Amino acid sequence: MRQLLLLLILISGTCVRAQKIEPPKGYDQQVGNLVSMLEDLKRRVTRSVQNLSVAETDFLLDAAANRIGAMIYHLAATEKYYQRFTFEGRGFIPEDDHWEFAQNLGAPAREKLQGKPITYYLELWDCLFY
């Protein structure tokens, strides 16, 4: 894990500051810590990608990679799955097929998830709460 973090620092050329995880008001400690971590992740990802062009959002490192937009869709889909599982006691249902699709990524997602601006993926992530 430490090696991965150092690699990410080298790639990004930036210094990583420690983020204090504190539960927001109204949450117990464990749920609040999770909410705090998810909000921090979303802020950091958004800050890193919000100005990407469509070409940058669609960039593929190699033939087996996933596009940046697809990865953000995947993060949103994973968060949505855990909302369904935690609050409704179920996984995805047929109406959720676009979320389930994004959880799997791979070749189908490489074909389907392209040509959209980064705002499409960030707004999708913003609209998770119903």
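The values are calculated or read from the model by the stated rules, or taken from the named source; none is laboratory data. Owing to the predicted nature of the structure, the values given are computational and were not obtained by experimental measurement. Using ideal geometry, Cβ is built from the backbone for each residue, glycine included, and neighbour counts are taken over all protein chains shown. Protein only, heavy atoms only, side chains kept; ligands, DNA and RNA dropped before computing areas. Shrake-Rupley method; radii C 1.70, N 1.55, O 1.52, S 1.80 Å.
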> Rank 36, 48 by accessible area, highest first, at a 1.4 Å probe radius?
Replying inline: 48, 36
>> If I take R0 = 30 Å and measure r between the Cβ atoms of residue 111 and residue 39 in this structure, what FRET efficiency does the formula 1/(1 + (r/R0)^6) give, to the nearest 0.05?
In response: 0.40
> Hey, with R₀ at 22 Å, roughly what FRET efficiency would residue 47 and residue 86 work out to, going by the Cβ-Cβ distance, to 0.05?
Replying inline: 0.25
> To the nearest 10 Å², what's residue 101's accessible area with a 1.4 Å probe?
Replying inline: 50 Å²
> Tally Lys/Arg at +1 and Asp/Glu at -1 over every other residue whose Cβ is under 13 Å from the Cβ of residue 87; what's the total?
Replying inline: +1
> Of all the C-alpha pairs in the stretch 89-130, what % are more than 13 Å from each other?
Replying inline: 65 percent
>> Show me the three semi-axes of the equivalent ellipsoid for the stretch 45-130, from the C-alpha gyration tensor (sqrt of 5 times each eigenvalue), largest first, rounded to whole Å.
In response: 23, 15, 9
> Tell me, in nm to one decimal, what length is gained between residue 31 and residue 56 on full extension, where the rule is 0.36 nm per residue of separation less the Cα-Cα distance?
Replying inline: 5.5 nm
> Excluding residue 101 itself, what net charge comes from residues whose Cβ is under 13 Å from its Cβ, given Lys and Arg +1 and Asp and Glu -1?
Replying inline: -2
